[in-house]
Structures are given as structure tokens and as C-alpha cells.
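Notes follow the structure.
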Amino acid sequence: MSLTRRATAAAGAALAAVLVTTTGCGDDDANAEPYDPDAPVTITVGLFGTFGYEEAGLYEEYMQLNPNVTIEETSIAQSAPYYKALQTRLAAGSGLEDVQGIESGFVADIVTNHADQFEDFGARDDAAAVKENFYDWKYAQATSEDGRVVGLGTDTGPQAMCFRKDLFEQAGLPTDRAELGTMWSDWDGYLDVARQYEASPTKPADSSFVDSPASIFSSAVYQGDLAYDDEDGNPVPDSSDGVETAWSLASEAAADGLTAGLDQFSDEWDSAFSNGAFATIACPAWMLGYITTQLGDGGAGTWDVAPLPGQSEQASNWGGAWLGVPTAADDKEAAMELVEWLTAPEQQVKMFTREAHFPSSPQAAEDPAVAGATSDYFSGAPIGAIFGESAENIRRTPIGPYDTQIQEAFTTALGTVATAGTDPDEAWESALSSAEQVTGG
Amino acid sequence: MTITSTSPPDAVVLGPPATRPAVQPSRRKNNRLTHNRWGYAYVAPFFLVFGAFSLYPFLYTAWVSLHRTSLSDIDGGTWVGLENYRNLLQSEFFWNAARNTLTIGILATVPQLCMALGLAHLLNYQLRGRTFFRTVMLMPYATSIAAATLVFAQLFGRDYGLINTALEAVGLDPVDWEGGTWSSQIAIATIVTWRWTGYNALIYLAAMQSIPGELYEAAEIDGASRWKQFLHVTIPSLRPTIVFTIIVSTIGAVQLFGEPLLFSGNGTTSGGGSGQYQTLGLLMYQQGWSNFNIGQAASTAWAMFLIILVVVGLNALVGRLRARADR
């Protein structure tokens with residue numbers, strides 16, 4: 001079985017690599033030369049997934065504005081391996097790019113444990129003006145306790161509720177997004193519509209109302225005062241109001257068979273999009289792109305976008321990123337200027353119109369090109385207005401370093417309620433002990 | 001981690017012990033060293049690489065396992081002595097993973113070796129196109145573990161998987177392969193079995209071909225059927241080889257990692273909704289690379305290493321006792 005052995009060996013080799021690199025710890029902070037803004041400089045940018053700056057032509061534009069600058073981007077497809085690599089490089093203090101992408105899933109870890117390894121955007125001369133460019137909560141999430149700003153916001157993931165018009169129609173439900181928004185002004189209303197859907201004799205037999213209990217849980221949890229952490233960023237999954245409410249809603253939906261019981265981002269989930277296996281899904285702005293990819297051109301006009309339940313009280317954010325400059329970077333000043341330019345409102349508007357990334361800047365979100373945007377693919381939904389209103393209603397919920405893992409603990413436990421009929425109380429206990437395993441050690 | 005470098009004791013692998021050239025007693029020790037220095041020079045690179053990539057990580061893992069430390073700050077951990085090991089032994093997740101590793105190991109190893117033995121026996125006959133069959137048997141082994149697992153995960157899919165479609169076609173209820181405890185473990189064991197049966201069959205076949213033909217002739221004269229010949233000539237002659245394959249398979253089973261990781265289909269490391277197919281290897285990966293608790297992961301790695309030592313030791317002991325009893 002030496003090949004299965006080799007798989008473990010790969011993990012082992014990764015650790016070995018980590019061990020070898022960490023022993024060679026050293027900071028090169030000998031960069032004391034005065035900054036010359038016109039000297040030729042190459043800025044390296046390390047990102048994950050699809051930030052889309054290259055595709056949107058923004059690097060090109062910046063290099064034309066600043067002929068002395070050359071930008072080189074390296075990108076890793078998934079954020080999880082990217083973060084693992086970033087962690088080992090932070091530990092080693094070498095191998096870092098001049099600009100590094102920071103995702104919402106690990107910004108809290110960076111802010112709590114590695115703030116002093118990133119340049120402070122709050123200490124710059126124009127810091128006060130730059131701060132005004134961002135939603136308060138977005139700026140605050142990248143700010144450490146002692147006020148260091150480790151990065152500036154790129155996009156955000158304000159959430160809405162996507163629904164399939166054709167399935168709603170077959171089930172005899174209204175398909176008007178405003179009417180649905182009123183029907184599910186809160187999550188109880190949403191569950192009522194779900195029950196009507198499941199009770200309908202005319203809905204497609206193999207379809208469910210919502211893809212996964214995770215759709216409900218992960219959105220509702222950020223509508224509480226607290227999600228997974230208290231004000232100081234300490235994990236409190238067992239006593240937070242957000243978790244409690246979200247769990248009771250999602251476990252009810254799961255136990256009552258209102259969900260398709262799919263794991264989000266699994267192969268089955270992907271197939272379920274094109275098979276019409278569910279009628280609604282909680283969708284942050286970037287999810288529209290995902291749905292479009294899954295359905296292709298033929299899917300135009302099947303989905304529509306309505307507001308997220310409970311949004312008027314408090315909206316919910318899923319995902320989004322920041323750009324930071326490590327202190328170990330070679331050309332910090334040039335890199336920070338690039339980051340400021342890329343995250344400025346004008347560029348965020350371009351990123352929305354060209355790449356459909358929703359801005360983290362209220363000025364950009366209010367720009368007519370964003371606020372007035374509609375999507376033909378999503379049945380002409382006024383997506384600029386819907387996501388703009390959602391982003392406007394996001395309050396700052398404290399985040400912590402383990403949110404991704406804690407959320408996974410809860411959503412997998414909810415999966416067992418939906419698919420294996422596990423008792424919700426039992427699933428709650430097992431989710432808590434999984435969460436404790438993450439945070440306890 | 002460095003458990004990967006553990007190899008089974010040579011004595012079990014080889015049939016007759018290699019004849020060692022008798023050392024001439026008259027030669028002085030000093031002289032022998034000079035005489036062999038090229039030998040040492042030739043083996044040195046191996047031991048340098050071994051030291052850097054096996055021994056050093058091995059010891060460092062032990063050191064890390066005595067600290068509370070995170071992935072992004074490995075050297076900055078605090079000394080906690082044996083606390084990680086204590087936590088591990090008190091953790092329901094460890095025992096769950098250990099139990100799963102054992103059951104998946106049995107589900108995968110036993111059918112795999114039985115089938116391999118049967119296949120080898122069949123291939124030992126004078127068949128037309130023998131080389132073709134032998135090559136085909138090795139194909140799964142040559143397939144990438146990730147590719148194979150991803151294909152199997154789709155076959156075992158709940159809603160759109162081929163196996164459930166087939167079950168429904170013959171009027172049976174579809175199975176939520178990934179969601180159930182036994183169903184998921186059987187599915188993973190199937191992947192392992194598919195992958196390693198041919199490999200083991202070839203090892204058996206090689207050993208079978210070295211069994212002297214006279215033994216079979218004698219058995220035939222005594223009136224033994226093919227089946228009796230298999231039971232009383234082939235199996236006893238293969239015993240050292242069988243012990244070897246059991247040991248290698250057991251080590252592989254304890255370290256099972258890639259299949260359960262990829263079987264979930266969305267990269268989660270929890271091994272299913274209730275950890276129903278989380279193995280020790282996967283638990284270690286979850287602790288270290290999902291939860292970033294490298295100290296705890298290192299202690300799990302060492303626990304796996306100790307388990308392998310114990311299991312391999314038991315295997316070897318049983319093999320030796322059997323061999324002695326037969327003599």
C-alpha cells in the first residue's frame with residue numbers, strides 16, 4: 001500500500017518543509033533607503049481564486065499611469081491552500097510577495113496574531129481620507145486591537161436570497177421578487193414559504209425548497225449581535241445569540257425535510273444546480289457568478305434575486321477580501337500605493353461592472369453604474385440596488401480566527417440532521433464538541 | 001510523518017537468509033575499515049538524505065508534539081510536556097478515528113488479500129494472453145489516487161451516482177453512501193481494494209512461480225485435487241510472502257488518508273458529517289492543517305507510528321510462532 005503511504009508522506013513532507021524553513025528564520029529589515037517614487041520597481045502580488053484585477057485590466061491601467069512600475073501576479077486557485085502557504089511564509093518571514101490577498105475567513109487570524117508582520121495603512125498621511133472610502137465594518141475587520149490596519153478592502157459579499165422562478169411557478173407560489181421579499185421579511189416567513197412549497201402537489205417531486213441547511217445557518221448566524229465570537233474575538237459558539245437563532249431555524253428546516261441536504265461546494269451540489277434540485281439558495285453577490293457558471297447560457301432567466309430574510313433588521317455578509325503589504329516586502333511604499341489605488345472607489349466600480357465583484361466602498365456602491373445595475377441573466381433583477389441595500393444594513397459582528405472551522409462544524413452537523421435524521425439536540429452536542437476540538441487545543 | 005520510512009523487518013521478506021561471506025578473523029578492524037571505505041562513501045548519500053528528510057523531521061515532530069503551537073508560528077510554541085498526548089487519549093475524536101481506521105482497514109485488507117491470492121492462482125495457469133492480464137491487473141495501482149477517488153466518489157454519489165442509479169433500476173432503495181457509517185466505510189474500502197488487489201496479486205504470483213513443480217507433481221500422484229493442492233502446497237509455500245503483504249497492507253491501512261479526504265468531495269477534513277469515515281491520518285491533517293494546531297497533529301503522528309510498531313510487531317510475532325509450530 002505504499003501509495004496510500006505516499007499520501008500521508010505528502011502531508012509529512014509538507015510538515016518537513018515547514019520545519020526546515022522555520023529553522024532559517026530571519027527578517028531582512030535593512031530597507032532604509034529614502035523612497036524614490038520614480039525609480040523602476042517590480043511589485044509582486046500574491047492572490048487566490050479570482051480577484052480579477054488582471055482580467056479587468058487594472059494592472060495594465062496602473063502600469064500606464066506609472067510607467068516605472070511592473071506588476072507580477074501569482075495566484076493559487078483555492079483560498080485554503082493559499083492560506084496554508086501564507087502561514088508557513090509568515091512563520092519563516094520569507095517568500096512573501098509585496099502584496100498579499102487576505103480573505104474574510106482568515107483576516108481575524110492575521111489581525112490577532114500577525115498584525116505586526118503587515119504594514120499599517122492607518123499610519124499613512126492620507127489614512128483618514130482612505131478610511132472614508134470603506135464601509136465601517138469592512139475597515140474595522142482588518143484593524144487590530146491596537147489600531148493597526150493590516151489591509152484595505154477589495155470586495156464584499158452582501159447576501160440576498162436567490163430563487164428559481166420556474167420551480168416557484170410550478171409550485172403555485174408568487175414569483176415577484178418584491179412580493180417574496182415581503183413574504184419572507186423574516187426567517188419564520190421564509191420557513192412558511194418553504195412549507196407551502198414542500199406541501200405543493202404540483203412542485204417537481206425531486207426538488208427541495210433550499211439547497212442545504214447551511215444556506216440558512218451561515219446567513220442567519222451573522223444577523224445576531226454575536227456570531228461565533230465575543231467582542232474580544234474569543235470563540236463563544238455555545239452562548240452566542242446568532243448561533244442559537246441560526247441553529248434553531250436551520251435545524252428546523254433540516255428536520256422538517258425542507259432542504260435538499262446537500263454539502264455546499266460538493267460535486268453533488270454542483271450537479272444539483274443544473275438538475276433543478278432546489279428552489280432557493282442564500283446568495284452573496286459573488287454567488288451569482290457561480291450560478292451562472294453552473295447553468296451556462298441556457299440558464300438565463302431561470303433564477304431571480306430577492307432580499308435576504310431579516311435583512312431590514314440586519315443584513316449578512318459572506319466572503320470578501322483585503323489586500324495587505326507584509327513588512328518583509330521589498331518595495332513597501334510602492335506596494336501600498338498600488339493597494340490604495342486598486343481599492344479606491346473608482347476602481348471598485350470598475351471591478352463591479354467588469355467582474356461583478358461587489359464594492360466594499362459605499363461611494364462605489366452608490367455610484368450609478370453600481371446602484372443602477374440590473375442583471376439580464378437573473379431575470380432583470382436590480383442587483384445593484386438589492387446588494388447595495390444589503391451592504392448598507394450590515395452591522396459589525398465580531399469575528400475570530402476560527403470562524404471558518406466553527407461554521408463547518410455546525411453546517412456538517414446540520415447535514416446529518418437533514419440526511420441521516422440525526423436528532424437536532426444530538427447534532428448540536430456533536431457540533432459543539434467539534435467546535436471545541438478546534439478552539440480548545 | 002516519518003513513519004513512512006518504516007520498512008518491515010527484512011527477515012520476513014526474504015525466504016532463505018542471504019549467505020554472508022565469512023569474515024576472516026585474522027583481519028584487523030582498522031584494515032577492514034580502509035578496505036570498505038568506498039562502500040561507506042556509496043551509501044553516505046542515502047543516509048544524508050535519510051537524515052535530512054526522515055530522521056530530522058521524525059525527531060522534530062516529537063519535539064513539536066510536546067508544545068502547544070500553531071502552524072504559522074511553529075517555533076513559538078509553549079512547552080506543555082505530554083499534554084497533547086493526554087488530550088489525544090481523552091479525545092473522542094481520536095478513538096473514533098482509531099475505530100474507523102481499524103474497521104476500514106479490515107474491510108479493505110481482508111477481501112483485498114483473499115482476492116489477490118485467488119487471482120494470482122488463476123494467473124499462474126498457462127493462460128493465453130497472460131502478460132495482458134498481468135498488465136491490466138496493475139493498472140489501478142498505476143492510477144493517481146486522487147483521480148481514482150474522485151471517480152469513485154461520483155459513482156457513490158447519493159443523488160446522481162451511477163451505483164444508486166443501478167440500484168434503483170433493479171428496484172432497490174438508493175443508499176446515501178457518504179452519509180452512513182458502514183456504507184461510507186465500505187465505499188472507501190472498495191477504492192482501496194480496487195487499487196491494491198492487482199499489486200498484491202503480482203507479488204503472490206512471483207512467489208508462486210518459485211514454488212518447485214515437483215511439489216505439485218507429488219501431490220498429484222497422491223491424488224490431491226487442484227483445490228487441495230492450492231490449500232496444502234501453494235498457501236504454505238507462500239506463507240512468508242503472505243506475512244509480508246499483510247504487514248505492508250496494515251501499515252497502509254493505518255496511514256489511510258487520501259481516499260477519505262477526497263471522498264467527501266468538498267475538501268472537508270472532518271471525514272463525514274459525524275466523522276464516520278475520519279481516519280487517523282485525516283484526523284492528523286485536520287488538527288494540523290485545518291485547525292492549525294500543529295502540536296496536537298504531531299502527537300497524533302507519533303501515536304500512529306506507535307500503533308504501526310505494535311501492529312507490525314504482533315504480525316511478525318504471529319508469523320514466527322506459526323512458522324515454529326509448523327516445523
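The values are calculated or read from the model by the stated rules, or taken from the named source; none is laboratory data. What you are looking at is a predicted structure, and each value in this text was computed from that prediction instead of being measured. All Cβ positions, even for glycine, are placed from backbone atoms using ideal geometry, and neighbour counts span all protein chains on display. Surface areas here come from the heavy atoms of the whole protein model, side chains and all, with no ligands, DNA or RNA. Shrake-Rupley method; radii C 1.70, N 1.55, O 1.52, S 1.80 Å.
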How many of the residues making up segment A:351-366 are buried (at least 22 other Cβ atoms within 10 Å of the Cβ) and of a type outside the set (Gly, Ala, Ser)?
5
I'm checking my understanding of the structure. Among residues of segment B:297-311 that are open to solvent by 20 Å² or more (accessible area, probe 1.4 Å) and within 14 Å of chain A (Cβ to nearest Cβ), which one is nearest to residue A:81 (Cα to Cα)?
B:302
Scan A:140, A:178, A:108, A:194 and give me the residue that is assigned to a helix (DSSP H, G or I), in the same structural domain as residue A:79 (by TED's automatic domain parsing) and more than 24 Å from residue B:76 (Cβ to Cβ).
A:140
In segment B:69-78, which residues are surrounded by fewer than 21 Cβ atoms within 10 Å (Cβ to Cβ) and of a type in the set (Val, Ile, Thr)?
B:78
State all residues of segment B:254-273 that are open to solvent by 10 Å² or more (accessible area, probe 1.4 Å), facing chain A (nearest Cβ under 7 Å) and in contact (Cβ under 8 Å) with a residue 24 or more places away in the chain; if no residue qualifies, say none.
B:257, B:265, B:273
In segment A:256-282, anything under 22 Å from the mean Cα position of the chain (by Cα), on the phi > 0 side of the Ramachandran plot and more than 8 Å from chain B (Cβ to nearest Cβ) is listed as A:261
Is it fair to say residue A:239 is at pLDDT 95 or above and not charged (D, E, K, R)?
no
Just one listed residue, out of A:318, A:247, is open to solvent by 10 Å² or more (accessible area, probe 1.4 Å), part of a strand (DSSP E or B) and either within 14 Å of another protein chain (Cβ to nearest Cβ) or closer than 28 Å to residue A:431 by Cβ (or both), and it is A:318
Tell me, yes or no, whether segment A:47-64 has at least one residue that is within 12 Å of chain B (Cβ to nearest Cβ), surrounded by 18 or more Cβ atoms within 10 Å (Cβ to Cβ) and either part of a loop (DSSP other than H, G, I, E, B) or at pLDDT below 90 (or both).
no
Restricting attention to segment B:43-68, the residues that are crowded, with 16+ Cβ neighbours inside 10 Å and more than 10 Å from chain A (Cβ to nearest Cβ) number exactly 4
